[in-house]
Amino acid sequence: MNKENFSDLPVSGNDPANIKLLKAALDSSISGIIITDNTQFDNPIIYCNKAFEKLSGYTRDKVIGRNCRFLQGTERDQQAREDIRKAVNEGHSITVELRNYRKNGELFWNELFISPISIHDGKVSHFIGVQNDITRRKNAEENLAYEREQVELKIQERTKELKENKEYLDSIVQTIRQGLLVLDPQYKVISANDFFLKTFKVEKRETIGRSLYDLGNGQWNIEQLRILLEQILPSNNPVLDFEVDHEFPHIGRKLMLLNAHRVELEGSFKDRILLAIEDITEIRASENRKDDFLSVSSHELKTPLTTIKGYNQTILKLLPADVNPKIALMVNKSGKQIDRLQNIITSLLEMSRIQSGKLVLDADKIDLNQLIPEILEDMSEVDQKHRLHFESQLTKTIAGDESQISQVVQNLLTNAAKYSPDAKDIKIALSEVSNFAKVSVTDFGVGISLEDQKMIFDRFFRVSTIQKHFPGMGIGLYISAQIIKQHGGTLWVDSEPGRGATFSFTLPLTEKGDHHE
Ligand code: ADP
C-alpha cells in the first residue's frame, strides 16, 4: 500500500504551489486518472483529470460523486470486476481490461490500473484508477483471433475434405474388379488393392516392398514385359493390353491382361507406375467357344445348302420350255436367295478362319484395272439403282489373293449401295501413291460419325442409329480390313454423317519388273 510523501517534489510541504504543480501534472497525463474515496458511502469518485474527461466523454461535474461502475453501462457481470474485488480485498494493486462505455454510448476497452491508497490509519482510504483506451489494440487482437479461427476452420475443413477424398478414392480402388499395383521407379510394389491379393491368393506382407519381378514364382518376370515397363517412365508410353498366359502359384493356369501407365503427378507421387491386371481367362474361353460355335455351325449349314443349290440348278435346267412362267420365276428367285445364304455362310467361315489365323492367301499377280471392272459389271446386274463411275490412273500390278481382294471390293461396293439408298452415284477410283496401289469407293449416303468410324472395323459392330433400317451382320468390314492387313496394306474411311463415305485401301505394288503395259 502506498504511503505518499512529497519529499521528492521540486517544492516542499503543503505549499499551494506544490498542489498546483501536482494538479497540472495529473492533467497533462495522457492516461485518464480518477481518485475515489473509500471512506465515503459507495466509494465515490472525488477527482478525475482532463484525460479521463476526454476518454469517457463526461465532464468533471457529471462524474464527481458517482461510483465508477456507471462506466460499465449494463455490462455489470464482467469477469474483470471479480478480479478487482479480490485485489481490493487483499489490498494490492491490479491491472484489468474492462468493456466501458463513453457518454455517447460508444464502447471502448479500458485498461484500468487500480491502486489502493492509505493516508491515515493503514486502512484503504482511496483508490487511484489510471485508465487507457486500448480499443484499437483489442480490436486488432480480436481481428487477429478471428482470422486465426477462420484459418483454423479452413484447415480443418480441408483436412476433412482430403480425408474424405482419400477414403473415397480408396473405396474406388478397393471396389474395382481389377488387380491394381502401384510400383516405384525400381518396379517395387508400393501398394496393392484387395482384389489383387484375393485374385492371386497372396498376403500383403509377401507383396508390398518386393520387386514386381520377384512376386509369386517370378510370374511377371517376362523379358517383353520388362522392356515395355522400362519405357513407361522415360517415354511416357503406356503398356496396353499385354497378355500373360502363365501357370500361377495357388490359382493355376490363367490368362491375364496387363495395362500400365505412369502416374501423372509431381511431388511425392512422381514417377510411379500404375499396373492394372485383369483375369481374362473366362472371357477368352467364352469368346473361343462362341467362335467355335460359329465356325462349326457355318460348316454344318454349308453342306446341306450346297446340296440344295445343286438341286435348284438341276430343276432350273430340267424345266420344260412351256412351264408356267410363275414356276420358272420362283425357281430363279429361290436360286438367288440360296446365293445370298451362301455368301453369308462364306463370310462367317472366312471370319472364323481369320480369327484362328487360318486364312490362307494365294499370291497371284493381280491387275486391278481388269479385276475391278469385272466386279462392277456383276454388281450393276444386282444393283440397278446406282450409276457406277470407274476411273483409274493405275499402271502397275499388285500381288495377292484375287478372290480375297475381289471380296473386299465387293464388300465395299455392297455397303456403298446399301447405305446410300437415296443417292444415284458411286465412284470407284484407282491410283498410285508412292509404292502402293490405292482403291477408293465413294458413296453419297448416310455417312458415319467420327466416333463410329473408330469401331466399324470391329467384329459385329453396326452403327446403332441405322441398324434397324439396313440388314447386315457387321462382319464385312472386319473381314475386309483383315484381308487388306494381311496383304501389307491398310483400309480406312473418310466420312461425315449425311455426306456419304469414302472407303479406301492400299496394297503394295509389285516390283518394277511387273509393270503392267
Ligand atoms: P454390315 O454392313 O453387314 O452391317 P459391315 O462390317 O460391312 O457390316 O459394316 C459395319 C457397319 O459400318 C455397318 O453396319 C454400317 O453401320 C457402317 N457402314 C459400312 N459401310 C458404310 C457406308 N458406306 N456408309 C455408311 N455406313 C457404313
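The values are calculated or read from the model by the stated rules, or taken from the named source; none is laboratory data. This one's a predicted model, so the numbers in the text were calculated from it and none came from an experiment. Quick reminder, even Gly has a Cβ in these numbers, built from the backbone with ideal geometry, and neighbours come from all protein chains shown.
Give the range 247-273 a look and list any residue that's surrounded by 17 or more Cβ atoms within 10 Å (Cβ to Cβ) and part of a strand (DSSP E or B), or say none.
248, 254, 256, 257, 258, 260, 262, 273, listed by residue number.
Could you tell me whether the range 425-432 includes any residue that is more than 8 Å from the ligand (Cβ to nearest atom) and touching a Gly at 6+ places or on another chain (Cβ under 8 Å)?
Within the range 425-432 (the criterion being more than 8 Å from the ligand (Cβ to nearest atom) and touching a Gly at 6+ places or on another chain (Cβ under 8 Å)), the answer is no, since none of the residues qualifies.
Spot the failing condition for residue 447; the list is (1) within 11 Å of the ligand (Cβ to nearest atom); (2) of a type outside the set (A, V, I, L, M); (3) surrounded by fewer than 17 Cβ atoms within 10 Å (Cβ to Cβ), and only one is missed.
Just one mismatch for residue 447, condition (3).
Before we move on, is residue 167 within 22 Å of the chain's Cα centre (by Cα), assigned to a helix (DSSP H, G or I) and among the acidic types (Asp, Glu)?
For residue 167, the condition - within 22 Å of the chain's Cα centre (by Cα), assigned to a helix (DSSP H, G or I) and among the acidic types (Asp, Glu) - is met.
I'm told residue 415 meets every condition in (1) in contact with a helix residue (DSSP H, G or I) (Cβ under 8 Å, 6 or more places away or on another chain); (2) modelled with pLDDT of 95 or more; (3) more than 8 Å from the ligand (Cβ to nearest atom) except one. Can you identify the failing condition by its number?
Condition not satisfied by residue 415: (3).
Condition first: of a type in the set (Gly, Ala, Ser) and within 16 Å of the ligand (Cβ to nearest atom). Can you find one or more residues in the range 353-374 that meet it?
Taking every residue of the range 353-374 in turn, none turns out to be of a type in the set (Gly, Ala, Ser) and within 16 Å of the ligand (Cβ to nearest atom).
Tell me, please, whether a residue that is within 25 Å of the chain's Cα centre (by Cα), surrounded by fewer than 17 Cβ atoms within 10 Å (Cβ to Cβ), of a type outside the set (Ser, Thr, Tyr) and at positive phi can be found in the range 183-194.
No: the range 183-194 contains no residue that is within 25 Å of the chain's Cα centre (by Cα), surrounded by fewer than 17 Cβ atoms within 10 Å (Cβ to Cβ), of a type outside the set (Ser, Thr, Tyr) and at positive phi.
Quick one: which residue in 392, 403 is more than 10 Å from the ligand (Cβ to nearest atom), closer than 19 Å to residue 350 by Cβ and not aliphatic (A, V, I, L, M)?
403
Can you list residue pairs whose Cβ atoms sit under 6 Å apart, with the first residue in the range 408-421 being assigned by TED's automatic domain parsing to the domain that holds residue 502 and under 15 Å from residue 376 (Cα atoms) and the second being more than 8 Å from the ligand (Cβ to nearest atom) and in a loop (DSSP other than H, G, I, E, B)? Count only pairs 6 or more apart in sequence or on different chains.
Every condition considered, the pairs that remain are 417/383; 417/386.
Taking the range 211-235 as the search range and keeping residues that are over 17 Å from residue 276 (Cα atoms) and not in a helix (DSSP H, G or I), which one is modelled with the lowest pLDDT?
Ranking the candidates gives 217 first.
Quick one: is residue 505 away from the ligand (no atom under 12 Å from the Cβ) and under 37 Å from the mean Cα position of the chain (by Cα)?
yes
Among the residues of the range 332-372 satisfying the criterion of being farther than 30 Å from residue 395 by Cβ and acidic (Asp, Glu), which is modelled with the highest pLDDT?
Filtering the range 332-372 for residues that are farther than 30 Å from residue 395 by Cβ and acidic (Asp, Glu), the one modelled with the highest pLDDT comes out as 339.
This table checks each residue for (1) outside any loop (DSSP other than H, G, I, E, B); (2) on the phi < 0 side of the Ramachandran plot; (3) within 60 Å of the chain's Cα centre (by Cα).
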{"site": "75", "(1), (2), (3)": "no, yes, yes"}
{"site": "84", "(1), (2), (3)": "yes, yes, no"}
{"site": "87", "(1), (2), (3)": "yes, yes, no"}
{"site": "99", "(1), (2), (3)": "yes, yes, yes"}
{"site": "105", "(1), (2), (3)": "no, no, yes"}
{"site": "111", "(1), (2), (3)": "yes, yes, yes"}
{"site": "115", "(1), (2), (3)": "yes, yes, no"}
{"site": "120", "(1), (2), (3)": "no, yes, no"}
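With the structure loaded, tell me whether residue 151 is part of a strand (DSSP E or B) and at pLDDT 95 or above or whether it fails that test.
no
Is it fair to say residue 456 is surrounded by 13 or more Cβ atoms within 10 Å (Cβ to Cβ), within 10 Å of the ligand (Cβ to nearest atom) and at pLDDT below 95?
When the stated conditions are applied, residue 456 does not pass them.
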